[in-house]
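Take a look at the structure set out below.
The values are calculated or read from the model by the stated rules, or taken from the named source; none is laboratory data. None of the values given here were measured: they were computed from a predicted structure. Positions of Cβ are backbone-derived with ideal geometry, glycine not excepted, and every protein chain shown enters the neighbour counts.
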Amino acid sequence: MDNLPIRPRNHILETISENYLRTQIPPEWILSKSEIDYGTDFNCEVSIENQVIGTNFSIQLKAKEKDENETFVLVKKLKKGTINRWLKRLEPTAIVVYVEELKEAFWTWIEKDTFDLTKKNKTYQIKIPKTNILSLTDWKKLHADVEIIFSKRYRLYELPKNITKIEEQETWNLYINHNYPLALLGFNKLIKIDSENPLFWNSIAICEYQLYNYKKALIAINKALELKDDNSIRLNKASILTEYGTELQDDHLLELAIKEYNQLLPDNFDNNVLYNYANCQKALKQFVVAKDSYEKSLQINPNNAKAWKNLGSVYFELQNHNLEIVCYDNALEIEPNLSEAIFSKGVTTFKIFGKTEQGLELMIKAEKLDANKNYELSFPYVYFWIAEAYLDLKNIEKASKWNKKGLTINPIDNYFIQQSDRIKMA
């Protein structure tokens with residue numbers, strides 16, 4: 001028996017754990033092994049009454065010989081990049097750990113608050129309660145939980161069911177894949193056939209919202225609410241009013257949004273409601289209460305990079321610039337390429353702390369990272385601040401170049417016009 005390959009024990013454990021997992025998943029569900037493991041070992045697609053409906057979740061499978069803890073199974077050395085991937089995926093991820101000594105597996109969902117990614121850890125750990133026994137799982141309840149997760153992420157009050165028409169299926173596929181322009185065309189055709197379908201009107205509103213057509217989005221969401229009074233539709237309406245009011249700098253629209261949030265908050269103390277509520281308060285320049293709302297939201301979900309960035313912007317207005325930078329750094333721990341956080345940090349580094357070259361480097365980096373270049377809608381003064389930094393460095397040629405870019409987008413904006421005059425006089 002000498003000089004023959006030896007199969008490592010961990011490989012054997014992997015096989016045992018996979019075999020056990022397959023015995024527990026309902027046989028009508030589809031368990032597919034991932035060809036490349038980036039923190040996902042399996043994809044599980046739900047099948048109901050022999051119909052594959054598209055609802056699915058991911059599984060990361062671990063195996064241990066034994067675990068000495070009485071109340072939980074400890075999983076160590078989870079990489080930040082892997083966790084980030086889990087949290088960004090549309091479908092939820094479950095960690096399943098098979099313990100050979102117990103001949104049993106234990107599991108838990110990866111939730112937004114499972115880890116705090118603002119910490120500068122290289123790896124993280126998770127405790128899985130030993131009450132979460134895989135063999136005792138209620139698979140109907142698990143399926144219902146997955147559907148709720150999917151519907152929330154698609155901003156729907158429920159997932160579409162019993163789709164028989166190919167045209168409708170194609171439209172939903174476009175919507176689910178975030179192809180909003182083509183999905184919008186499809187829903188506008190479907191609404192001519194079924195004008196009393198609140199799910200169609202809600203989806204039209206979301207498409208228009210994603211395309212920055214806030215007035216049309218508001219008309220569609222109001223129609224959806226006429227047909228079905230539902231909190232998820234109300235949250236969509238509040239979000240539309242927030243963005244519409246912010247774009248127009250219209251306090252009346254923002255106050256209408258506040259009324260919607262106030263109706264939602266008593267029954268729906270959830271981080272998405274609080275986050276959007278804070279955005280509306282910020283747009284109304286209610287910076288102290290916006291700070292409180294962002295902080296409450298981040299207590300529920302500390303891994304919302306945009307909430308950290310917006311909280312930083314609030315601290316800018318409150319002139320607490322040290323905490324402002326901490327917030328931007330927390331955002332960038334979670335999303336290193338979040339251009340809004342990089343740019344805002346650059347502006348403060350330049351304007352407040354007087355480090356012009358460092359600030360300019362960050363602003364240029366952010367401008368290059370932002371592939372959409374929707375500055376006229378989302379951050380119209382990106383060119384202004386880059387030009388301002390070059391002007392501070394006495395680089396008149398580049399200051400003029402960036403100022404002209406801004407004037408191309410906002411030709412009647414006083415800030416750009418006055419900046420142009422200052423550049424000419426420099």
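Below, the figures for the structure above:
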quantity	calculated
Residue tally, condition assigned to a strand (DSSP E or B) and within 15 Å of Lys64 (Cβ to Cβ), over region 109-132	4
Exclusive hit being more than 24 Å from the chain's Cα centre (by Cα) and farther than 22 Å from Lys62 by Cα, set Ile176, Ile191, Ile149	Ile191
Residue, farthest from Lys398 (Cα to Cα), within region 325-350, restricted to residues that are at pLDDT below 95 and charged (D, E, K, R)	Glu333
Search result, residues across region 391-425 that are within 34 Å of the chain's Cα centre (by Cα) and touching a residue at least 24 places away in the same chain (Cβ under 8 Å)	Gly406, Ile409, Asn410, Asp413, Tyr415, Phe416
Residues that are more than 24 Å from the chain's Cα centre (by Cα) and either outside any helix (DSSP H, G or I) or within 15 Å of Cys207 (Cα to Cα) (or both), drawn from region 225-238	Lys228, Asp229
Residue within region 296-307 that is crowded, with 20+ Cβ neighbours inside 10 Å, closer than 22 Å to Asn121 by Cα and at pLDDT 95 or above present	yes
Positions within region 83-108 being under 24 Å from Asn177 (Cβ atoms) and not in a strand (DSSP E or B), in sequence order	Asn84, Arg85, Trp86, Leu87, Lys88, Arg89, Leu90, Glu91, Pro92
Test set (1) surrounded by fewer than 20 Cβ atoms within 10 Å (Cβ to Cβ); (2) touching a Leu at 6+ places or on another chain (Cβ under 8 Å); (3) more than 24 Å from Val46 (Cα to Cα); (4) of a type outside the set (Asp, Glu) - Trp201 fails condition number	(1)
Close pairs from region 109-129: first closer than 20 Å to Asn330 by Cα and in contact (Cβ under 8 Å) with a residue 12 or more places away in the chain, partner in a loop (DSSP other than H, G, I, E, B) and of a type in the set (A, V, I, L, M, F, W, C), Cβ under 6 Å, at least 6 apart	Tyr124/Phe115
Residues (under 20 Å from Asp370 (Cβ atoms) and more than 20 Å from the chain's Cα centre (by Cα)) located in region 309-350	Phe316, Lys345, Gly346, Val347, Thr348, Thr349, Phe350
Subset tally (residues that are charged (D, E, K, R), surrounded by fewer than 19 Cβ atoms within 10 Å (Cβ to Cβ) and within 15 Å of Ala341 (Cβ to Cβ)) for region 356-369	3
Any hit, region 243-250, residues being assigned to a helix (DSSP H, G or I) and within 20 Å of the chain's Cα centre (by Cα)	yes
Residue in region 230-246 that is exposed (fewer than 15 other Cβ atoms within 10 Å of the Cβ) and of a type outside the set (S, T, N, Q) present	no
Matching entry among Ile128, Ile176 (being touching a Phe, Trp or Tyr at 6+ places or on another chain (Cβ under 9 Å), buried (at least 19 other Cβ atoms within 10 Å of the Cβ) and among the aliphatic types (A, V, I, L, M))	Ile128
Condition check for Glu260: surrounded by fewer than 19 Cβ atoms within 10 Å (Cβ to Cβ) and part of a helix (DSSP H, G or I)	no
Failed item, numbered, when Leu78 is tested on (1) in contact with a Lys or Arg (Cβ under 9 Å, 6 or more places away or on another chain); (2) under 17 Å from Ile334 (Cα atoms); (3) of a type in the set (A, V, I, L, M); (4) not in a loop (DSSP other than H, G, I, E, B)	(1)
Restricting region 64-102 to residues that are among the aromatic types (Phe, Trp, Tyr) and farther than 18 Å from Glu14 by Cβ, the residue that is surrounded by the most Cβ atoms within 10 Å (Cβ to Cβ)	Trp86
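Listed here are the residues, each with its yes/no results for (1) under 23 Å from Ala238 (Cβ atoms); (2) among the aliphatic types (A, V, I, L, M); (3) in contact (Cβ under 8 Å) with a residue 40 or more places away in the chain; (4) assigned to a helix (DSSP H, G or I).
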residue	(1), (2), (3), (4)
Leu274	yes, yes, no, yes
Lys291	yes, no, no, yes
Lys296	yes, no, no, yes
Phe316	no, no, no, yes
Ile325	no, yes, no, yes
Pro336	no, no, no, no
